[in-house]
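Everything on this sheet refers to the single structure shown next.
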Amino acid sequence: KRHLATLVSRSRSRHKRDLSESGYMAFSKKVLRWRLIGEGYSSQLSIEEQRYILKLAFRMWSEVSPLEFVEDTRSPLEDVDIRLGFGTGRHLGCNQRFDGTGQEFAHAWFLGDIHFDDDEHFTAPNAGSGISLLKVAVHEIGHVLGLPHIYRPGSIMQPSYLPNESGFEMGWMDRKAIQHLYGDCKGRFNTVFDWIRKEKTPYGEVVIRFNTYFMRDGWYWLYENKNNRTRYGDPVALQVGWRGIPVDGVDAYVHVWSRKRDAMYFFKGTQFWRYNSENDQVFQRDPEGHRYPMLISKGFPGVSGPIDTAFYDRRDSLIYFFKNTLVYAFDVEANSLARGFPKNIKDVFPPVASRDHPDGNIDAAYFSYTHNAVFLLKGTRFWQVVGSRDRRRRPFLPRNGLLPHKEVDQHWFDICDVHPTALKL
Amino acid sequence: EKLFHNRDHSDVQAPISHQAEVITDKYTAEIFLSRYGFFKPSDQDDYNTPTESEAFISALKEFQQISGLPVTGVFDEATKVAMNKPRCGVPDKEIDLTASSEAVRRR
């Protein structure tokens, strides 16, 4: 009993925190600095491996929360928010000894210190045997961010180590747990589009597939509609997946797709590029030998860049260019503006609910094959355009009317930035 | 040692400096339960203070329950295995400091 009492009293000297059921918001700022401290390197992995794995662990939290993490190896230690280190037995001035190989593999203190027991056999991801340093690091970082243990299968915050399942990723529960503390990921997008590609089945049939992409500044996410999340590991730098388009971002993407045409364009400033989906890069020249990029005013007479955004409406074969409060409908066949354009955006896309309208300066106009609807995005909101199906059910709805706005992050989930230094691992 | 090792020595086990104490009996289980916050220190003068074994059984049940084990209140094999799994050192239950410090100070 005396021994238990001393154990209890010793645990009292730890800095205790209010571990309520859902945890607490440990940091009030969005960009957090971390460092693997010099006196705390592991003896089992190279320093570069350790720093790479920890960087990946922080990125995994950043991919599902508004937080961003940057490794800081220079500032005074007191300015570093999260300090990590390896040690054995009595270590790094910590008042909780490690117990040697087995059982306790690491611990975290709510003031931002994470210690790993270097007696454990820590391994790099996909290394098979041993304890995955990545998993342990993600778990302990979760504690430092304010998450308690979560006793649910699949959660990375379970107290016991989860042996190697293939491809460990952040589950829905952990995402909602951290977002409960730090909020959802919000932000405006440069463009959103469904990328159409043709594939051949084993039987030689040609099938059409599409992927949804969200682009912001110099990076992008593939959005998995059926899983309600982005692709694991996104965002990725633009030049990784879209060769030849401006590395700092685009204004719009348009896919002119009809019986006679199949052309994809990226717009930026006063210029545009045609994109070659066969070999996945921009065209250098057009069939007449003119070099890309070209002036928008040359390629689309009557329209001049920079534009806010644009989309192609397959129903009427018009490209709708948005610029400030005006809409320019461009007739691809006639290669000229449609009659009566440009028009005010409210005349083309009237509000269904009065005064619930983006009023121009749209960020993105997105035709979604998943929803078979057009969405106008501005800031953190979007407006769905009334479609033919809506009008069959409610004939009083105006053509191309904008339904009341909703929040982007309540429709497309967990589209989160990472720190620019973490964009490339 | 094995006759042949992987070329990168990835199968070579570093000599283990020391091993964590394996949880094998009631005493070591008590240490574990206390360390991770399952024991509810209580006020000694309170008549309905649970006896020592009742406190141990209650703590054991709580551990079994959150670990998804059959809640037997008995330090059985499954519980032993679960206790010996590699785990995070952060307590599962917050230790109520006021009661514990009161109890410790009085003692």
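The values are calculated or read from the model by the stated rules, or taken from the named source; none is laboratory data. Every value quoted in this text rests on a predicted model; they were computed, and no experiment measured them. No Cβ is skipped: glycine too gets one built from the backbone with ideal geometry, and neighbour counts run over all protein chains shown.
What are the residues in region B:1-21 that are within 7 Å of another protein chain (Cβ to nearest Cβ) and either at pLDDT 75 or above or over 22 Å from A:Asp119 (Cα atoms) (or both), if any? Across region B:1-21, the qualifying residues are B:Gln19, B:Ala20, B:Glu21. Just checking, which of B:Thr98, B:Thr49, B:Thr28, B:Thr79 is at pLDDT below 65, more than 8 Å from every other protein chain (Cβ to nearest Cβ) and not in a loop (DSSP other than H, G, I, E, B)? None of the others qualify; the one that does is B:Thr98. For region A:137-166, the set of residues classified as touching a residue at least 40 places away in the same chain (Cβ under 8 Å) and over 20 Å from B:Ser67 (Cβ atoms) consists of A:Ala137, A:Val138, A:Ile141, A:Val144, A:Leu145, A:Gly146, listed by residue number. B:Gly37 meets each of the listed conditions (1) at pLDDT 95 or above; (2) within 12 Å of another protein chain (Cβ to nearest Cβ); (3) assigned to a loop (DSSP other than H, G, I, E, B) apart from (1). Based on this model, can you work out whether A:Ser368 counts as more than 28 Å from the chain's Cα centre (by Cα) and hydroxyl-bearing (Ser, Thr, Tyr)? For A:Ser368, the condition - more than 28 Å from the chain's Cα centre (by Cα) and hydroxyl-bearing (Ser, Thr, Tyr) - is not met. Among the residues of region A:92-108, those identified as in contact (Cβ under 8 Å) with a residue 40 or more places away in the chain and not aromatic (Phe, Trp, Tyr) are A:Leu92, A:Asn95, A:Gln96. For the structure I just gave you, tell me whether A:Ile47 is more than 20 Å from A:Pro420 (Cα to Cα), more than 29 Å from the chain's Cα centre (by Cα) and among the β-branched types (Val, Ile, Thr). Considered against the rule, which asks whether it is more than 20 Å from A:Pro420 (Cα to Cα), more than 29 Å from the chain's Cα centre (by Cα) and among the β-branched types (Val, Ile, Thr), A:Ile47 comes out as no.
Conditions tested, residue by residue: (1) more than 14 Å from chain B (Cβ to nearest Cβ); (2) out of contact with any Ser or Thr (no Cβ under 7 Å at 6 or more places or on another chain); (3) in a strand (DSSP E or B); (4) not hydrophobic (A, V, I, L, M, F, W, C).
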residue	(1), (2), (3), (4)
A:Ser43	no, yes, no, yes
A:Arg51	yes, yes, no, yes
A:Val64	yes, yes, no, no
A:Arg74	yes, yes, no, yes
A:Glu78	yes, yes, no, yes
A:His91	no, yes, no, yes
A:Asp99	no, yes, no, yes
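Of all residue pairs spaced 6 or more apart or on separate chains, none has beta-carbon atoms under 6 Å together with a first member in region A:59-81 that is free of Cβ contacts under 8 Å to residues at least 24 places away in the same chain and a second member that is among the small types (Gly, Ala, Ser) and not in a helix (DSSP H, G or I).
Taking the criterion of being within 17 Å of the chain's Cα centre (by Cα), of a type in the set (Lys, Arg) and farther than 30 Å from A:His139 by Cα, the only residue of region A:172-207 that qualifies is A:Arg188. Residues in region A:18-41 that are under 25 Å from the mean Cα position of the chain (by Cα), within 14 Å of another protein chain (Cβ to nearest Cβ) and either crowded, with 19+ Cβ neighbours inside 10 Å or of a type in the set (A, V, I, L, M) (or both): A:Gly23, A:Ala26.
Kindly indicate whether A:Thr230 is of a type outside the set (Gly, Ala, Ser), buried (at least 17 other Cβ atoms within 10 Å of the Cβ) and on the phi < 0 side of the Ramachandran plot. Break it down stepwise before answering.
Details: of a type outside the set (Gly, Ala, Ser): yes; buried (at least 17 other Cβ atoms within 10 Å of the Cβ): yes; on the phi < 0 side of the Ramachandran plot: yes.
Here the answer is yes, as A:Thr230 does meet what is asked.
So which residues in region A:326-352 are under 19 Å from A:Lys378 (Cβ atoms) and surrounded by fewer than 16 Cβ atoms within 10 Å (Cβ to Cβ), if there are any at all? Please lay out each step first, then the result.
Residues of region A:326-352 that are under 19 Å from A:Lys378 (Cβ atoms), as a first pass: A:326-328, A:342-352.
The answer is A:Lys343, A:Asn344, A:Lys346, A:Asp347.
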